[in-house]
Amino acid sequence: MNSECKLKHLDFIQSVINRMASNSFLLKGWSVTLVAALFALAAKDSDKKYIVVAYFPVLVFWILDAYFLSQERHFRNLYDAVRAKKEDEIDFSMDAKPFVDSRTGWIASFFSKTLLVFYASVVLLMIFVMYFVA
């Protein structure tokens, strides 16, 4: 095997990492869009129920985002392992299960700084709007 195989394998893994990051970005966009739409409905009808309803999708998006982040972390660890391998050890495995640990798991990702700041901000904004604006 030559270094082209190693580079191709790293390319495969990087494309999965990019897809997970893209999914995460889209979830954040949908979350903001949905909350804004429900705020608009609440303001139009002067009904706080629309804001309360928004908590459920925000939680679902947060959970999905944490899943994608945990998968992205697993594949980053796989990338590092493949990067360190010799060319003759490349087997094109895309199995990231050996890289699951407490730091890359779903719960750790759910409470990661980036997701916590984003989704906690959305929830705090919803609480503010529900009690002080609507």
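The values are calculated or read from the model by the stated rules, or taken from the named source; none is laboratory data. As the structure is a computational prediction, the values presented were derived from the model and not from experiment. Please note: Cβ atoms are built from the backbone with ideal geometry, for glycine as well, and neighbour counts cover all protein chains shown. Heads up: the accessible areas ignore ligands, DNA and RNA and are worked out on the full protein's heavy atoms, side chains in. Shrake-Rupley method; radii C 1.70, N 1.55, O 1.52, S 1.80 Å.
Cα to Cα, under 30 Å, and not fewer than 8 places away if on the same chain: which lysines meet these conditions relative to residue 8?
Within the straight-line cut-off, residue 8 pairs with 85, 86, 97.
Under a 1.4 Å probe, what is the accessible area of the chain per residue, stated in Å²?
So the chain comes to 62 Å² accessible per residue, rounded to a whole number.
Taking the alpha-carbon distance from residue 6 and a cut-off under 18 Å, which aspartates and glutamates remain once sequence neighbours fewer than 8 residues away in the same chain are dropped?
Partners found: 80, 87, 88, 89, 91, 95.
Based on DSSP H runs of at least 4 residues, each adding -39500 (n - 2.57), what is the mean residue ellipticity at 222 nm of the chain after dividing by all its residues, to the nearest 500 deg cm²/dmol?
Computed ellipticity for the chain at 222 nm equals -26500 deg cm²/dmol.
Rounding to the nearest 10 and keeping the result within 0 to 90°, find how far the Cα-based axis of helix 3-45 lies from the longest principal axis of the chain.
So the helix axis and the longest Cα principal axis differ by about 0 degrees.
What is the sum of charges around residue 115, taking Lys and Arg as +1, Asp and Glu as -1, for the other residues whose C-beta is under 13 Å from the C-beta of residue 115?
Overall, the nearby charge balance is +1.
Hey, if we sort 91, 47, 65 by accessible area with the 1.4 Å probe, largest down, what's the order?
Largest accessible area first, the residues go 91, 47, 65.
Could you please put 78, 64, 124 in sequence from largest to smallest accessible area, using a 1.4 Å probe?
I get 124, 64, 78, largest accessible area first.
As I understand it, the value is the acute angle between the Cα axis of helix 49-84 and the longest principal axis of the Cα atoms of the chain; what does it come to in degrees, rounded to 10?
Long axis of 49-84 versus the principal axis of the chain: about 10 degrees.
Taking the full set of protein chains and a 1.4 angstrom probe, give the accessible area of residue 33 in square angstrom, rounded to the nearest 10.
80 Å²
With a 1.4 Å probe and every protein chain kept in, tell me what percent of the accessible surface of segment 7-117 is carbon plus sulfur.
65 percent
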